[in-house]
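Have a look at the structure below, then the notes.
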Amino acid sequence: MKNRSLKNLSWAGLFRFFRANYISTPPQLRKYCNLVRYFDPESRESMEGALRCSANFVPLSPVSFLERAANVSTDTTSIIYGRFQYNWGQTYLRCLKLASALTQLGISRADLVATLSPNVPAMYELHFAVPMAGAILCTLNSRLDGAMVSVLLEHSQAKVLFVDYQLLEVARIALKLLSKRVRNLPTLVLITDCDCSSTIDTTSVSCEYEELLAMGHSGFEIVRPNSEFDPISVNYTSGTTSRPKGVLYSHRGAYLNTLGTILLFGMGFMPVYLWTVPMFHCNGWCLPWGVAAQCGTNVCLRKVSPKDIFEKVTQHKVTHMGGAPTVLNMIVNSAWTDRRPLTHKVVVMTGGSPPPPQVLSKMEEIGFSVSHLYGLTETYGPGTSCEWRLEWDSMALEEKYKRKARQGIPHVALDAIDVKDPNTMESVPADGETTGEVMFRGNTVMSGYLRDSEATKEAFRGGWFHSGDVGVKHSDGYLEIKDRLKDIIISGGENISSVEVETVLYSHPAILEAAVVARPDDHWGQTPCAFVSLKKGFTADAREIIDFCRSQLPPYMAPKTIVFEDLPKTATGKIQKYVLREKAKAMGSLTRPPNTMEPN
């Protein structure tokens, strides 16, 4: 042993060497004896009786939720979509065959598979089929234009793109733009529907969804993750700069956040969940996996409207649904002819900007029980919820709903959430007044940003994930968000970067300066309000500028209000956005007709 080089020894060999020579080992090296003892599996097994094997360790993955549902609730309805219904046995078999078919397309471990689709059954099945093939799911925002889709396809390097027939033209534009920059384009798979026209132009489409699925084999062996930390999905942020970041989710994080989310929702066994949250957003708050975990029923909606919500809730006895405050506002302002009396309580979780107290009150009058949650794409969606306390029951009604609009406490799968000074990393006092940056830590925080190690390091600075949100802590431990560090505008649950909108405004030939802030909106929560000054000798009206922005941005990102004035600045020439925010707030809420899904 003495003549053998230590660098050639295994951990077990090192342990045995140090143990045998502990007395003669210099004091400065003795600490390594304990380190080797702790880390060496052989020594742990022999000294403690511990043995990690297939009997007591399986890497956590939400795919197991589908396998369980198929075994214990085979005949229970899994998906309802119009006249189509599947049970869990059928859904498992379809996902298995789809995973097999993906491998026949050349998809292998760690390849990316992208989607561009609303909440239809195919979108749900892909949440299981893609990881069952060992691949990574990348759900793209179905509201994006072709230019942005091409950017994300290039960055993700997706090998397959599943696209809904209604978004086929957007995909074609994206692929055309992408072909100018890369040689190998993703394979295009078309998702059709019962109302899909038989005359649809399938040029550039490789195959149709059901045809691809039929190619698969029911005996396919699921590709298990090598590690719990293996990526299961990539979700792109709404973009605080010119290009959104790809947020990496792991099998472990998705598994744990799924359990945390169904506990937040109070989902018991066999719930009926109405899909009003887009599955492209944080993987539908992890609930494609969550409904399977509870052997529930997914009621899919292609398009969200108050009439459809009331109809599906009453027809299928929906127990749970979620959505941005926009959805709540649609419901409370819906026409009486669109409503149906609710015979049971429906649990609703809402995220995004805090819903106004009057909206919460009206929702509960109708028959919905609303709770507010908070999270980011980087936290797999929901990270906290405003859990109701019995002592709040005695409060005045207005105060109750103020409490209900707080962001609350972390769910059980999240290690910790805090409000800290981002410079000193010291926690702020829990006085409800001292502001700091909201920070997260735990297994349900992203693995990092895809192909952006510098941004990942910055996000995890100091051992916490920096959310970029400003908040306070109350004495009862509840979190309340006060502002956004990066001037993000939350419109209908979607984050809009003011920088992106300003970039487009500055490209208008008549605009000299521009700044974009949030204006309250009675329907969308917030919408972009642009303050602009014109170049000398140029003219432009509000309608022209709005149309110009809509020609270069997705409709929801374009300003809804244009104000012409000289912009206030600091002594160093920086535009004072806080002054503009106050002006936009003083304008009051922008109003629009109820039941309008796309901003005017």
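Just so you know, all these numbers are worked out from the coordinates, no wet-lab data involved. Please read these numbers as outputs of a predicted model, since none were measured by experiment. Cβ placement follows ideal geometry from the backbone for every residue including glycine, while neighbour counts extend to all protein chains displayed.
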How high is the relative contact order of the chain, in percent, with contacts defined as C-alpha pairs under 8 Å that are six or more residues apart?
10
Ordering 556-563, 299-306 by per-residue average of other C-beta atoms within 10 angstrom, highest first, gives 556-563, 299-306
Counting only C-alpha contacts under 8 Å and six or more residues apart, can you give the relative contact order of region 234-322 as a whole percent?
31
Computed [θ] at 222 nm, deg cm²/dmol, the chain (DSSP H ≥ 4; -39,500 (n - 2.57); rounded to nearest 500)
-9500 deg cm²/dmol
Placing unit charges on C-beta atoms (Lys and Arg positive, Asp and Glu negative, everything else neutral), compute the dipole magnitude of the chain about its Cα centre in debye, rounded to 20.
1400
Name the residue farthest towards the positive end of the dipole of region 488-586 from the options LEU534, LEU553, THR503, assuming +1 on Cβ of Lys and Arg, -1 on Cβ of Asp and Glu, about the Cα centre.
LEU534
For the pairs LYS457/LYS585; LYS457/LYS482; LYS303/LYS473; LYS536/LYS577; LYS180/LYS560; LYS535/LYS577, flag any whose C-alpha to C-alpha distance is greater than 28 Å.
LYS457/LYS585; LYS303/LYS473; LYS180/LYS560
Of ILE200, TYR249, GLY284, which is farthest along the charge dipole of region 167-289 in the positive direction, counting Lys and Arg as +1 and Asp and Glu as -1 at C-beta?
TYR249
So what's the Cα pair-distance distribution over the chain, bin width 10 Å, in %?
3, 15, 24, 26, 17, 9, 4, 2, 0
Could you rank the peptides 63-70, 205-212, 256-263 by their average count of other C-beta atoms within 10 Å per residue, with the highest value first?
256-263, 63-70, 205-212
Normalised contact order of region 488-586, rounded percent, pairs of Cα under 8 Å and 6 or more residues apart:
28
With +1 on each Lys and Arg Cβ and -1 on each Asp and Glu Cβ, and nothing else charged, work out how big the dipole of region 455-582 is about its Cα centre, in Debye to the nearest 20.
380
Is there a quick way to get the dipole size of region 394-532? I mean about its Cα centre, with the Cβ of Lys and Arg at +1 and of Asp and Glu at -1; what is the value in debye to the nearest 20?
340
Kyte-Doolittle mean at least -0.5, axial Cα span of 27 Å or more - DSSP H helices of the chain:
none
Arranged from highest to lowest average of other beta-carbon atoms within 10 Å per residue, in what order do the peptides 424-433, 315-324 appear?
315-324, 424-433
Please state the Cα pair-distance histogram of region 398-512 with 5 angstrom bins from zero: what percent is in each bin?
2, 10, 16, 19, 20, 14, 8, 6, 4, 2, 0
